[in-house]
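Worksheet: the structure to be examined is printed underneath.
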Amino acid sequence: MRNKLVAGNWKMHGSLVANLALLTRIKEAATGFKSACAVCVPFPYLAQAQAALAGSKVAWGAQNVSEHAQGAYTGEVSAVMLAEFACRYVLVGHSERRALYGESDTVVAAKFAAALQAGLTPILCVGETVAEREAGITGAVVARQLDAVVVNSGVAALKHAVLAYEPVWAIGTGKTATAQQAQDVHALLRGRVAGGDARVAQALQILYGGSVKPGNAQELFAMPDIDGGLIGGAALVAEDFLAICHAA
Ligand code: PGA
């Protein structure tokens, strides 16, 4: 049986004052969580997350990482730097990174490898646009995004990673995939990994992301291949995030 994980993706939100209140609430509530919980915060707040959460049941991480180890890459942050702040997780290939910053499957695969190399657990995000869903190519799109990583790092690398299915049309839109729509894609992804290594596939946590709210979390998390959630908007509201964690 896989453990559930609920990871918050704060995106570019927060302030020192607001974060402290939110982190403190989550940390206090986490003593009662049955599932694992994490927050992925903007880079400048990693030290704050570390100070607030160290020794608690809540892990922290970043939302992006450079594919390079070091060098003349102005504005970039390496995986080793994230590890210095005791990050457990880092998101790679979030759809906003792919769409707004032109991250290709190849770049995402390199970021995934860099994260693993530094001992971080990458949360690999995959998902189709509304046009791709309507064209009936959802399965092909998420398989392509997954395969780029598996070809580069090997299927065994997924032992140290988390996968997140986030349909682009459901992110921040209030339109959640139905539990069955999400389950279908999760099963497809797990099946694809199983084609390489059945045991890795069985153990792999696959999160669903895209307008997860307290009102729909339970139904989503009840599906056999949905192992928790990647939470955007609702991760910024303590009540909502805690309710979603309890649903897991
Ligand atoms: P959302 O974002 O929960 O606000 O839809 C999810 C994500 O982008 O990870």
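The values are calculated or read from the model by the stated rules, or taken from the named source; none is laboratory data. This one's a predicted model, so the numbers in the text were calculated from it and none came from an experiment. A quick note on method: Cβ atoms are made from the backbone with ideal geometry, for glycine too, and the neighbour counts reach across all protein chains shown. We work out accessible area using only protein heavy atoms, side chains counted, and drop any ligands, DNA or RNA first. Shrake-Rupley method; radii C 1.70, N 1.55, O 1.52, S 1.80 Å.
For residues in segment 206-216 being open to solvent by less than 40 Å² (accessible area, probe 1.4 Å) and either on the phi < 0 side of the Ramachandran plot or hydroxyl-bearing (Ser, Thr, Tyr) (or both), which is farthest from the ligand (Cβ to nearest atom)?
ILE206
Checking LEU120 against (1) touching a Gly at 6+ places or on another chain (Cβ under 8 Å); (2) open to solvent by 70 Å² or more (accessible area, probe 1.4 Å); (3) hydrophobic (A, V, I, L, M, F, W, C), only one condition comes out false. Which one?
LEU120 satisfies all of (1) touching a Gly at 6+ places or on another chain (Cβ under 8 Å); (2) open to solvent by 70 Å² or more (accessible area, probe 1.4 Å); (3) hydrophobic (A, V, I, L, M, F, W, C) except (2).
Being of a type in the set (Ser, Thr, Tyr) and within 16 Å of the ligand (Cβ to nearest atom): is that true of TYR73 here?
no
Applying the selection to segment 22-57, what residues are open to solvent by less than 30 Å² (accessible area, probe 1.4 Å) and either more than 13 Å from VAL6 (Cβ to Cβ) or without any contact (Cβ under 8 Å) to a residue 40 or more places away in the chain (or both)?
Scanning segment 22-57 gives LEU22, LEU23, VAL41, PRO42, LEU46, ALA49, ALA52, LEU53.
Check off (1) farther than 21 Å from MET223 by Cβ; (2) part of a helix (DSSP H, G or I); (3) in contact with a strand residue (DSSP E or B) (Cβ under 6 Å, 6 or more places away or on another chain) for LEU91 and give me the number that stays unchecked.
(2)
If you go through segment 217-248, how many residues are within 13 Å of the ligand (Cβ to nearest atom) and in contact with a Ser or Thr (Cβ under 7 Å, 6 or more places away or on another chain)?
1
Out of ALA114, ALA135, which single residue is among the aliphatic types (A, V, I, L, M), open to solvent by 30 Å² or more (accessible area, probe 1.4 Å) and away from the ligand (no atom under 16 Å from the Cβ)?
That would be ALA135, the only listed residue that is among the aliphatic types (A, V, I, L, M), open to solvent by 30 Å² or more (accessible area, probe 1.4 Å) and away from the ligand (no atom under 16 Å from the Cβ).
Go through ALA177, ALA164 for me and flag whichever is part of a strand (DSSP E or B), of a type in the set (Gly, Ala, Ser), within 13 Å of the ligand (Cβ to nearest atom) and touching a residue at least 12 places away in the same chain (Cβ under 8 Å).
Matching residue, one of ALA177, ALA164: ALA164.
If we keep just the residues of segment 37-63 that are of a type in the set (A, V, I, L, M) and assigned to a strand (DSSP E or B), which is nearest to ALA118 (Cα to Cα)?
So, considering only residues that are of a type in the set (A, V, I, L, M) and assigned to a strand (DSSP E or B), the one nearest to ALA118 (Cα to Cα) is ALA62.
Filtering segment 217-241 down to residues that are outside any helix (DSSP H, G or I) and within 16 Å of ALA7 (Cα to Cα), which residue is most open to solvent (accessible area, probe 1.4 Å)?
In this case the residue turns out to be VAL237.
Please go through segment 194-205 and give me each residue that is more than 16 Å from the ligand (Cβ to nearest atom) and of a type in the set (S, T, N, Q), ordered by number.
The one that is more than 16 Å from the ligand (Cβ to nearest atom) and of a type in the set (S, T, N, Q): GLN202.
Which residue is surrounded by the fewest Cβ atoms within 10 Å (Cβ to Cβ), if the candidates are limited to segment 97-109 and must be in contact with a strand residue (DSSP E or B) (Cβ under 9 Å, 6 or more places away or on another chain) and of a type outside the set (Val, Ile, Thr)?
Step by step, filter segment 97-109, then rank; the result is ARG97.
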